[in-house]
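*Asks:* Provided herewith is a single structure, encoded as structure tokens, for subsequent inquiry.
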Amino acid sequence: MSPFGEGRMLEIGFGHGVYLREMHSLGWDVFGCDISSHKVERLKEQFGSERIFLGKLEEMAFPPESFDLIALWHVIEHLHAPGPIIERIRGLLKPGGRLIIGTPNFPCVEERCFGRWWIGFEVPRHLIVFSQAGLVQLLAEHGFKISGIRPSLWSYSVPDSLALFFKDRLGVQIWGGRTHLLIHHLLFPLVALSRTLGNWAILEVTAQKQ
């Protein structure tokens, strides 16, 4: 048994595929779906069309109870109706299977500092911003038991919030550029330290199917 686990995992909304590649390197049999045709085609080159799919989860024809782990990294805040998706995920997990969710956490220190420019709001891309209690309640309503909650080390929340502020108030576009990346690198130690001191701006929640 691998110390990092093993089995079949699905990532919904895999983006650039960083997490899928990491889990594959640890011995997991990885699957993924995403709505970006460009990103899907790139990952198909590595994992094949039998494991990487274009479309939303509700459009997928995965067999029931076919995964040991399902991951939603910065996806749930984009959903119009997360409840049915969580229920669909529960049906796809094997008994005792795990769901991992990463999402902005409201309220938090960064939200109080940046106000409406906090990346967790990012209207109109983010449709829902969960509190920790709200997310726990949603998962419990759909038959999940929380097995772990911690702050995410995802450190782009501060530079991304600054990028939104610069664009809106100063008319300066730094998103995705060298300045954006430089700010990220400079602030990474401070953001990482703030997570240990209570700045839970981004949550990582692990839940188990009951």
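Table: residues versus (1) of a type in the set (Lys, Arg); (2) surrounded by fewer than 15 Cβ atoms within 10 Å (Cβ to Cβ); (3) part of a helix (DSSP H, G or I); (4) in contact with a helix residue (DSSP H, G or I) (Cβ under 8 Å, 6 or more places away or on another chain).
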residue	(1), (2), (3), (4)
GLU110	no, no, yes, yes
ILE119	no, no, no, yes
PRO124	no, yes, no, no
GLY134	no, yes, yes, no
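*Asks:* Sticking with this structure for a sec: Would a scan of the range 161-180 turn up a residue that is under 18 Å from the mean Cα position of the chain (by Cα), closer than 16 Å to HIS74 by Cβ and surrounded by 14 or more Cβ atoms within 10 Å (Cβ to Cβ)?
*Replies:* So in the range 161-180, the residues under 18 Å from the mean Cα position of the chain (by Cα) come out as 161.
Applying the additional criterion that residues be closer than 16 Å to HIS74 by Cβ yields 161.
From the residues that got through so far, the ones that are surrounded by 14 or more Cβ atoms within 10 Å (Cβ to Cβ) too are 161.
Checking the range 161-180: at least one residue is under 18 Å from the mean Cα position of the chain (by Cα), closer than 16 Å to HIS74 by Cβ and surrounded by 14 or more Cβ atoms within 10 Å (Cβ to Cβ).
*Asks:* While we're on this one: Take GLU11 and decide whether it is within 25 Å of GLN132 (Cβ to Cβ), among the charged types (D, E, K, R), under 15 Å from the mean Cα position of the chain (by Cα) and outside any loop (DSSP other than H, G, I, E, B).
*Replies:* Working: within 25 Å of GLN132 (Cβ to Cβ): yes; among the charged types (D, E, K, R): yes; under 15 Å from the mean Cα position of the chain (by Cα): yes; outside any loop (DSSP other than H, G, I, E, B): yes.
So GLU11 fits the description; yes.
*Asks:* Does ASP168 meet the test of being assigned to a helix (DSSP H, G or I) and either farther than 30 Å from ARG98 by Cβ or touching a residue at least 60 places away in the same chain (Cβ under 8 Å) (or both)?
*Replies:* yes
*Asks:* Give the residues of the range 128-151 that are closer than 21 Å to GLY97 by Cβ and in contact (Cβ under 8 Å) with a residue 60 or more places away in the chain, sorted by residue number.
*Replies:* Quick first cut of the range 128-151, residues closer than 21 Å to GLY97 by Cβ only: 135-150.
Across the range 128-151, the qualifying residues are LEU135, VAL136, LEU139, GLY143, PHE144, LYS145, ILE146, SER147.
All of the numbers you see were taken from the coordinates with simple rules; none came from a lab. Note that this is a predicted model, so its numbers are computed, not measured. Because the Cβ atoms are built from the backbone with ideal geometry, glycine has one as well, and the counts that use them run over all protein chains shown.
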